[in-house]
Structure formats: structure tokens, C-alpha cells
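Novice: Take a look at the following structure, please.
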Amino acid sequence: MSTVTIEALTAGYGDGAPVLDELSLDVPDGAVVAVLGANGAGKTTLLRALTGLVPARSGRVLLDGTDLTGLPTEDRVRRGLALVPEGRGVVVELTVDENLRLGGLWRHRGAGLRSAVAEMYALFPALHRRRDAAGHTLSGGERQMLALARALVSHPDVLLLDEPSLGLAPLVVAQLLGVLRDTAARTGLTVLLAEQNVTGALSVADRGVVLSLGAVVADRPARELAADPALRHAYLGF
Ligand code: ATP
């Protein structure tokens, strides 16, 4: 079980105005939820607040009913949360293989780690082909695949993905989102996917949530949201 419950969460940076304003959201076990919204709507801040990188000013974050709100990031990660930040987060000095093993280090040892890494190579054959290549020699698409694979290697219960399709060619985006959808369906992983790529995100999500000024202004089945031009126009800018 890995249900995320966000209750009236208010969070922001320093003494500034809150970026998240009493935001409430339920992400049930095994759901893939797309978090949409214009630039600056608060998508990144929401994912960072869930992992504890941005502190909550008020409200709560629960994982299967357990209050995580006061816990440091490493405790939340230990409880099964994994964040793939925007901009990839790959260690460029290390090889593909080293990055993957790093991802599984805290959750697997010995043969467990080897089989978790092998599982990722089966999911991402392109990474297998480049397993001895240094991170800095990878293309943008390969880096994003590596960032996702590195998060998956630890077998998280909840995956938080920030703009995985940013700057990638459409074919690579389709491949990446396809792996994400299949993995979620196969493993029951709970996913929160922040995206500017509305069409791509809604094609793999069960539900779409639209943020505006740090609050949820729409929360609908993905197919319904994709078919609503008025909503897209009002909040997503096209
Ligand atoms: P984008 O797609 O552009 O990343 P977003 O929906 O993810 O947009 P956030 O990055 O969460 O939005 O930003 C929400 C607001 O918080 C913006 O007004 C932004 O300027 C502000 N903000 C983000 N990061 C910081 C920071 N480190 N310090 C101060 N303000 C910040």
C-alpha cells in the first residue's frame, strides 16, 4: 500500500508568499496522476514539499495514513518515496552502471543489487548498450532514462517525476512515458508526474490535476481532461 494524502498543504520559500496555498490532493495506491499547470503554478514546489526539500508551513503530508510532515527527506526516501528532479540529477562523473548501482545502494545488497540493475537494463536496452559510458557523454534522452532507472532501481512505492520530457525529442518522450506506464501497471507503483507536456502526461495518467497559483483547480480522469479544450485554454495556455 502506498497512498499519498496531501491535506491543506501550505509551503513556500524563505519569507516569501506561499507557493502552495492550502493544497489538498489524494493519490491512491497504484494511481498515476499527472500534475499540470502553467509555468510557476507550483508543480516543482509540490514535489519538493512531498519529499521535505521545501518545508511545510501548515497542513500535512501522509503516506498510508502516517504523517510525514515533520520528517527529514532521508526518512521519507527510506519509507519509499523517490524523486526524479527536473534537470535529470545524474552524476556525470560516474558511468551508467555506477549511477544505477548508486540508486539501489540503500535498498539492495550483493545479488539483490545486481538483479535490480539487470532489471533496469532489460527495461532500458539503450542504457545497457552504454553501461560503461560516463554520465557526461550521454544524450539528454539517455540521461533522463538513467535518472528514471536510477530511481526505479530502489523499488520505490511512490515515484515523483518532475518534467521528465523537458527538452527531449518526441520519440524519446514516447519511449520514456511508455516504460513509466508499463512499470506502473506491472508493479502497482504510485506516480505523481509533473509535466508541461499535457498531451504526453495525460496519455499515461489515470487522473490529471491542474494547479493554478498553488491550488488544485481541476481534478478529473485523464481522458476527460484531455478532451476539455476550455479547461486547457483557461489553465494550460493552449
Ligand atoms: P515550472 O514548470 O516553471 O518549473 P512550476 O509549476 O514547477 O513551474 P515552481 O517551480 O514550483 O512552479 O514555482 C512556483 C513559484 O515558486 C514561482 O513563482 C517561482 O518563482 C517560485 N520559486 C521556485 N523556486 C524558488 C526558490 N528556490 N526560491 C524562491 N522562489 C522560488
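Table: residues versus (1) within 16 Å of the ligand (Cβ to nearest atom); (2) touching a residue at least 40 places away in the same chain (Cβ under 8 Å).
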position: Asn39; (1), (2): yes, yes
position: Leu50; (1), (2): yes, yes
position: Arg57; (1), (2): yes, yes
position: Glu74; (1), (2): no, no
position: Glu93; (1), (2): no, yes
position: Ala111; (1), (2): no, no
position: Arg129; (1), (2): no, no
position: Leu138; (1), (2): no, yes
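Novice: Take the residues in region 192-206 that are polar (S, T, N, Q) and crowded, with 16+ Cβ neighbours inside 10 Å; name whichever of them is modelled with the highest pLDDT. Give the derivation first.
Specialist: We begin by selecting, within region 192-206, every residue polar (S, T, N, Q); these are 196-197, 199, 203.
Now restrict to residues that are crowded, with 16+ Cβ neighbours inside 10 Å: 196-197, 203.
Numbers: Gln196: 89, Asn197: 90, Ser203: 93.
Applying the filter and picking the extreme gives Ser203.
One line per residue, one yes/no per condition, for (1) in contact (Cβ under 8 Å) with a residue 60 or more places away in the chain; (2) under 25 Å from Thr5 (Cα atoms); (3) crowded, with 18+ Cβ neighbours inside 10 Å; (4) within 16 Å of the ligand (Cβ to nearest atom):
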| residue | (1), (2), (3), (4) |
| --- | --- |
| Leu146 | no, no, yes, no |
| Ala151 | yes, yes, yes, no |
| Leu168 | no, no, yes, yes |
| Gly178 | no, no, no, no |
| Asp182 | no, yes, no, no |
| Thr190 | yes, yes, yes, no |
| Gly208 | yes, yes, yes, yes |
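The values are calculated or read from the model by the stated rules, or taken from the named source; none is laboratory data. Everything numeric in this text was worked out from a predicted model, so none of it was measured. For neighbour counting, all protein chains shown are included, and Cβ atoms are generated from backbone atoms with ideal geometry for every residue, glycine included.
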